[in-house]
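Chemist: Before I ask anything, let me first share the structure, which is written out below as C-alpha cells.
The values are calculated or read from the model by the stated rules, or taken from the named source; none is laboratory data. Since we're looking at a predicted model, the values are computed, not measured. Here the Cβ positions follow ideal geometry from the backbone for every residue, glycine too, while neighbour counts run over all protein chains shown. Please note that ligands, DNA and RNA were not included when accessible areas were found on the heavy atoms of the full protein model with its side chains. Shrake-Rupley method; radii C 1.70, N 1.55, O 1.52, S 1.80 Å.
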Amino acid sequence: MGPSISASIEKKPTLKRKVPAKSNVRVKRESKTPKSSKTPPAAPVAHTWENCDGLEDFQRLALKEKAVQNAIGFLNDLASKIRLAVEQNPDVTDSSLKELQKWAEDKETAIQKHREFQILVGVAGSTGAGKTSLLNALLGASEFLPSSCEQAATAVVCQILWNHDETPGREYRAEFLQAVEDRRDIDEQEYEDEDLRTQDAAEAQKTIDGLIGKINTIWDLDPEDLKQMTPEKLLDSDAAVLNLLGTTLHLHRSDADELSRMVRPYLDSTAHRHGGEGERAFAAWPLVKHVRQYLRVDILKSGISLVDLPGLGDMNESRAAVAREFYESLAVTMIVAPIIRAADEKTAISLLGNYQELQLQMDGRFNKKGFAFVVSKTDDINVDGYLKRSQNVADSEVVQDYDVSKKLDEELRQLDAEVKARQKEFRKLNRHLKGVTKQVAIMVTNADLCIGTIRRLENELKTLKYQKKDARKQATVHRRLVSRAMKLRTTKSKQRERHRSRLIFHCTTMRNSAVQKRIVKDFEHRQRKFKGSRSSDASGDRNDEGVEVIPVSTVAFWQLQKNERMPGFPRDVYTGVPRTKSWLQEATLGRREEHLDSVLNSYATLLNWIQHWSQSQSVKTNMGFTKGDVEEILTPVHERFRELLQAQTVVGFHDQIMDIDPLRNKDDLAEICSKKAKRVVGRWHLLYPESETNTTHMHWQTYQANIRRDGGPFAGTKSEYHWIEQLVIPVLELIVEQWDEEFNNKLPALIKPMTTRVSLNWDSYMKEISSNLKDLDDKLLGPFERCPSSFQPIQKKLGDEVRRILGNIAGEAARCRVKLIRDLQDSMRPIFYEALSVRVKGSYAARRGLIMTKALQNGIEMFRIALHKMDKNLRKDKAQLPESFASLAATISESVRLQLSAVFEGVLPRGTGSKEGLSKRTKIQLRKEIQMLVVQWQASWKASCGGLEWVERPDPCHVPKDFDNEELDVSETSGSETDPGDLDDMDLDTDNEE
C-alpha cells in the first residue's frame, strides 16, 4: 500500500526568555510625539459563517464550504506574493520577511490538513450484492467502477476521494506470492515418517493451490514448470510484471469515462498489454492491492471518502487482510445485501460478524449515524409469486389493482385473439379482392379483343365489378374493425401497464417494509444485548438510536436517468439512491461541520495576522520602547497561561479522566472469559465454528494450517478462520456495555465542563495581557482593544483542540483491542508450537486434545495477563494527556504572541537590534498588494455568506409511501401506440375502375 501523506504542525519552542528585573521594566510614560492624525487601522470584522447557528443544516454547511474554497484561493494568491518577494530578495534577513515566510508555511500546513481530512465510508457486503453498482450510482457514473466482472469487482480495495488539485491519481502496490518454494523444499527434505511428509506436503500444496490461480493469471505457467522456478526467476521472466511491482502508478485525465477506461486494465480479469506493443498480455489485477481514485463529485466534498471493500466472506486471505485494516478506521459503514437474500435466507445484519458488531458498538457507531443497511435489487420481484406467498395482503388497493390487472390480462388475450382472427379474415378478403380485380382487368382486355362477344362479356364484367365492390366494402369494414380492436388493445394495454406498475410498487413497498422491520427488530435486539440495562431508559431520548435501512434499485435508477420507464418506479426518488446520498450527508454532518469550523478558524487566524501586518502606519508612534520590549513584558503572561491551562485541565479533571475505566474487576473477568473460552476452543475443529447447527469437522490439513498461523487469519477453501479473534469476542462481550458507557457517554460528558474552564482561563489570559499593556502605556490598549475578533479564532481553536484531545483518548483505546488480539496470540503461540510438534498417527485428534487441555489449564492466567496489559495500555494513553495539553498550551500562546506581533507591527518599531532588510519602497508596495488581497478576501466572505439564495434546499429524499399516479400518467402519454400490424398486407386495392 502506498505511503499516506500526513501533515504535522511544527511545535514552536517554548519561550524561555529571562523575565527582566523589576527595576528594568519601563513604566508608563507620555508620548514624545503628537497624536497621529491618520485613521487607525481597521479591526478585523466578524464573518457571517462565525454566527450562522440559526441557519438550517444545509445552509450552514454550504456557507462554510464556500467560505473555505474562497479562502484557499486568496491564501494561495497571498503566498505567491510572499514567495515572489523572497525570491527577489534572497540575501535579505529582514525579520518581518521571515515572519511572512512563517505565515506562508502555516498556510501550507492549514491547507494540507484540510485536504487530508477524510471521513471513511465503507461499503461492504457479500460478493455480487451490488456494492459497486451502488457506488457508481452515488458517483453518477454507471460504469466508472467495474461491477460485472466476477473477479475484478471484489479483487481490490478501491477508495474514492475528492480531488482537490484536479489531478486524479491511482496508487498501486503489488503483493508478491512466494509460497511456490515451499513444496520443493518438502519434497527434498528427508523424513523418518512418511506420514509426516504427506501431512506437510498436503498443507503446502493446499496453500499453493490457493495462489496458483493468481500466478497463472499473470504468468500463464504450467504447474510443473512453476515448481522448477524460484521467485527471482519468475519475476525476471516478464519485465512488464517486474515494472509494476512495488510501484505507485498515477493516471490522470479530464474526462471520467476516459479515466475509467485507463484504470480498468488493472482491475478487471481481461488480459492487457502492460508493457507496450509486442509484449505479452496478462491480467494485472492480482498485483493490485489498493486503488485510490480522485474525483470532483459533490458527494465527496468536505472529506467524505467512499471505500469499495472486498465481499464479506471473501476467501482470498490478502484481500481480507486489507479489508480488516479499513474496518478499523471506518467512520460510517454501509452493509449491502440483495433484497431476496435479506428476505428469504437471513437478515442482512447477519452478514456482519460478531467481532465487527462489537467494534461498532464500542466505537459508538452502532446507530443510524454510523451504520446503515442497503437492501439492493428491489426491482427483482415476481409479483404473482410474492402475492401468493404473502399471507395477509389485506390492502384493498393492492387487491383491486391485482384483480383489475388480471381482468385486463384476460381482456387483452381475448383482444389479441380477436385481432388475430379479424386480421386473418381481412387478409382473406383482400386476397379475394385482388383476385376479382385481376379478373376484371382480364375481362376488360378480352372485351377489347373480342368485339363479337362484347355483350356477354359486359354482363360478366358487371358481375365481377359488383363482386369487387362488395369485397372492397367487406375488406374496409374488417380493416376498421381491426383498427378499432388495435386501438382498444392499446388502451387496455396502457391501463394494464398502469395497474401493473402500481401493483409492482405496492408489492415492492410491502416487501421492503417487511425486510426493514425484520432488520430493525434484529438490530434493536442486538443493541439491547450490548447496552444491557441502559438500552431502554438511559438512551431513550437519543435521536441517533436505531438503524437506517434503505431499499435501493440501481437498475431502476439508471433506467430513469435515460428517460426510460421502469414499472413500479415513477421517478428516481423511488429507487432509493437519492435517499442513500441524503443519509450519507446526514450521518456525516457533525464530523464535516466540526472539520470546517476548525479549518475556518485556522484560515481566519491567518487572515487576521496578514491583515494587521499589511495595515502599517506611515509614521510609527514614538513611545520610547519597541515591539521587543512589549514581547519581553508579556512573556511571563504567556508562561502563566500555559501553566494555568495545564493545571485547570490535567490536574482539575485528573480524577474524572482516570476514573474512566472499562476494565473494572479484571480478575473476575479473566475467570469468566476462561470458562467461555472452553466452548470457543472446543469448536475450532469445526468447518464452520460460528454456526450453531453445523457440526461438520474441518479437514486435518485446514486445522494444521490454522495452527501454523498461530490462530491468525486464514482463508480456507470453504470458510475464513480467525481463531484468536473468536477468542477475543467473549472478552469484548463482557466489557462492551461498560466500554460504551465510559468512552461514549462519560468521556464526552467531560467536554463541556472542560471547555468552560478553558474559556475562563482564556478570559483571564486576555485580561492580563490588557492589564500589562495598560501598565506599560495607555496608548497600547488602543490597537489591542480594537481587534478582539483577531483572537477569537485562536480561542475557538483552543476549544476544538480540547475536544480533539479527549476524542483521541477513545481513539487510542480502540487500538487497545488490536493489541488484545496480539497479546492473546502471544499466550497461545507456545501451545500451537507444541501442538505442531505432535507428529504421530492420529495427530489430528491429539493436537485438538492438547490445545483444549492447555487452553483450559492456562485460561485464567492467559486472560488475566491480557486484560492487565490492556488496562496498562489504557492508562498509558491517559497518561499522555499532560504532554498533549502542554503542547496545546505552547501552540496557543505562540499563536497569541504572533498575533500581538502583527497588531503592533505598524505601531511600534522593532528595536535597535533588528535589521530592516527590505527597502521602504519595496515593503510599502508589498503591504499595498497584500492589503488589496485581504480586502478582496473579506469582501468575498461577506458576499458568499451574506445572501443564501444560491443555496439549494436539499430534498430529504425519503422513498414515497404513495404511488405517483400523476407522474405515471404523464409518462404514458409520451409513449407511442402499439403498431396495429403489417400494413403492407392490409392495404386495400385502389386501382382505377374506369
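Chemist: Would the stretch 407-424 turn up any residue that is modelled with pLDDT of 70 or more and open to solvent by less than 20 Å² (accessible area, probe 1.4 Å)?
Modeler: yes
Chemist: Give the residues of the stretch 100-124 that are among the small types (Gly, Ala, Ser) and farther than 26 Å from Gly590 by Cα, sorted by residue number.
Modeler: The one that is among the small types (Gly, Ala, Ser) and farther than 26 Å from Gly590 by Cα: Ala104.
Chemist: Something else about it: Restricting to the stretch 771-799, what's the tally of residues that are open to solvent by less than 30 Å² (accessible area, probe 1.4 Å) and closer than 30 Å to Leu881 by Cα?
Modeler: Total satisfying the criteria: 7.
Chemist: Would you mention how many residues in the stretch 92-123 are of a type outside the set (Lys, Arg) and either touching a Gly at 6+ places or on another chain (Cβ under 8 Å) or more than 30 Å from Gly906 (Cα to Cα) (or both)?
Modeler: Summing the residues that are of a type outside the set (Lys, Arg) and either touching a Gly at 6+ places or on another chain (Cβ under 8 Å) or more than 30 Å from Gly906 (Cα to Cα) (or both) in the stretch 92-123 gives 14.
Chemist: Give me the residue from the stretch 602-640 that is open to solvent by 20 Å² or more (accessible area, probe 1.4 Å) and basic (Lys, Arg) and, out of that set, modelled with the lowest pLDDT.
Modeler: Taking the candidates together, the pick is Lys620.
Chemist: Can I ask one more? For Glu812, all conditions in the list (1) open to solvent by 50 Å² or more (accessible area, probe 1.4 Å); (2) more than 30 Å from Ser598 (Cβ to Cβ) hold save one; what is the number of the exception?
Modeler: (2)
Chemist: All but one of (1) among the hydrophobic types (A, V, I, L, M, F, W, C); (2) open to solvent by 70 Å² or more (accessible area, probe 1.4 Å); (3) in a helix (DSSP H, G or I) hold for Phe885, so report the exception by its number.
Modeler: With (1) among the hydrophobic types (A, V, I, L, M, F, W, C); (2) open to solvent by 70 Å² or more (accessible area, probe 1.4 Å); (3) in a helix (DSSP H, G or I) applied to Phe885, the lone miss is (2).
Chemist: Which of the residues spanning the stretch 112-140 are open to solvent by less than 10 Å² (accessible area, probe 1.4 Å), assigned to a loop (DSSP other than H, G, I, E, B) and within 18 Å of Ser329 (Cα to Cα)?
Modeler: none
Chemist: Could you list, in sequence order, the residues of the stretch 772-801 that are aromatic (Phe, Trp, Tyr) and closer than 16 Å to Tyr603 by Cα?
Modeler: Matches in the stretch 772-801: Phe791 only.
Chemist: A further question on this structure: Could you tell me which of the residues Ala647, Ala677 is touching a Leu at 6+ places or on another chain (Cβ under 7 Å), open to solvent by less than 70 Å² (accessible area, probe 1.4 Å), at pLDDT 85 or above and among the small types (Gly, Ala, Ser)?
Modeler: Residue meeting the stated conditions: Ala677.
Chemist: Restricting to the stretch 721-768, and then to whatever is within 24 Å of Glu812 (Cα to Cα) and among the aromatic types (Phe, Trp, Tyr), can you tell me which residue is surrounded by the fewest Cβ atoms within 10 Å (Cβ to Cβ)?
Modeler: Across the stretch 721-768, the extreme among qualifying residues is Phe743.
Chemist: Which of the numbered conditions does Pro689 fail, given that it passes all the others? Conditions: (1) in contact (Cβ under 8 Å) with a residue 12 or more places away in the chain; (2) more than 34 Å from the chain's Cα centre (by Cα).
Modeler: The number of the failed condition is (2).
Chemist: Does Gly590 satisfy being in contact with a Pro (Cβ under 7 Å, 6 or more places away or on another chain) and not polar (S, T, N, Q)?
Modeler: no
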